[in-house]
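First comes the structure, then the notes that go with it.
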Amino acid sequence: MVANALKKVLLFRGLTPRELKQILSISVLRRYAAGEMVFAKRDLGNTFFIVKTGRIKIFTTVGADKKKTFAFLKKGDFFGEMSLLGGRIRSASAQAAEESELFVISKKNFKRLILENADFTLKLLHTLAERLNECDKEIESMLFHNILGRLAEAILKLSADKHTKPVKMAIDQNELAQYLGTTRVPVCRAINTLKRSGVIDYRRGELVILNQARLRSIAGNLQ
Ligand code: CMP
């Protein structure tokens, strides 16, 4: 059963059953309750993680009250590689945003995988290139986009895996503010502007996209 779950992980697609078995034998499955920390920024990094189920929030904190969410990782995504490959200490914190299960691989075994499995290494590099691309886009967005455009982008990005019609997602205003690296007040104002123009509806933590085309146009060409 765990082998089947591993096969669905993009990072492991294309690996032979023997190779999958090898990975299974070197990983431990760990469960995290909603809200539980996986690790904190600046901890010493000695493990690599792959999400089996749930949702992991990657974020940074500056001072007592400034928080910025970098990403929400879900089934098949990995994290924890940066400190193992370079910096030694965790570049950001990781927390279970909901009940989650993670495959945990030690630093020694992660390095062995990289050296012995070219497919694994290529997929890892591919994802790192994609993440760098996302970071470049976000810098561009922060410099040249106003809060409305950035909120529209964030809504499109965070709802990319929702397939209901209309698209709905549960998210609170604090979470959106942290994702945008700002405070609740400007986000609340921008939400109200989108609501007033009939682009979204937002009630009691549930956001509904009413006009996807308009939302895309507000997000501009950064999408
Ligand atoms: P590490 O530095 O070991 O611990 C924090 C992890 O968060 C880091 O490895 C990456 O795996 C992950 N991470 C950091 N920044 C991002 C980002 N912008 N998008 C997705 N994951 C990230």
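The values are calculated or read from the model by the stated rules, or taken from the named source; none is laboratory data. Because the structure is predicted, anything quoted here is derived from the model rather than measured. Every residue, glycine among them, receives a Cβ derived from its backbone with ideal geometry; neighbour counts consider all protein chains shown. Just the protein is used for accessible areas: all its heavy atoms, side chains included, with ligands, DNA and RNA removed. Shrake-Rupley method; radii C 1.70, N 1.55, O 1.52, S 1.80 Å.
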Just to confirm, what accessible area per residue do you get for the range 145-219 at 1.4 Å probe, in whole Å²? 53 Å²
I'd like to compare 74-82, 158-166, 121-129: which one has the highest average count of other Cβ atoms within 10 Å, and what's the full order after that? 74-82, 121-129, 158-166
Need the C-alpha centroid separation for the range 161-223 versus the range 77-97, integer Å. 28 Å
Relative contact order of the range 2-141, please, whole-number percent, based on alpha carbon pairs below 8 angstrom and at least 6 residues apart. 31 percent
Which aspartates and glutamates does Lys74 reach when only Cα atoms under 16 Å apart count, and residues fewer than 8 places away in its own chain are ignored? Glu36, Glu98, Glu99, Glu101, Glu130, Asp161
For the chain, what % of the accessible area comes from carbon and sulfur atoms, probe 1.4 Å? 54 percent
Take the chain, connect every pair of alpha-carbon atoms lying under 10 Å apart with a spring to form a Gaussian network, then pick out the residue of Lys157, Lys52, Lys68 with the largest mean-square fluctuation. Lys157
Given Cβ point charges of +1 (Lys, Arg) and -1 (Asp, Glu) and nothing else, what value in debye, to the nearest 20, does the dipole of the chain about its Cα centre take? 240 debye
Mind putting together the pair-distance distribution for the chain? All Cα pairs, 10 Å bins, whole percent per bin, short to long. 7, 30, 33, 21, 8, 1
Highest GNM mean-square fluctuation, the chain, Cα pairs closer than 10 Å: which of Gln178, Gln95, Gln212? Gln212
Please compare each pair in Lys41/Lys108; Lys21/Lys168; Lys108/Lys162; Lys67/Lys195 to a cut-off of 31 Å on the Cα-Cα distance and tell me which ones are over it. Lys21/Lys168; Lys108/Lys162
How far apart, in nm, are the 7 Å Cα→Cβ label points at Arg30 and Asn146? 4.5 nm
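222 nm [θ] for the chain, helices only, -39500 (n - 2.57) per DSSP H run of 4+, per residue, to 500?
Details: 8 runs with 94 residues, N = 223.
Counting only the DSSP helices, I get -13000 deg cm²/dmol.
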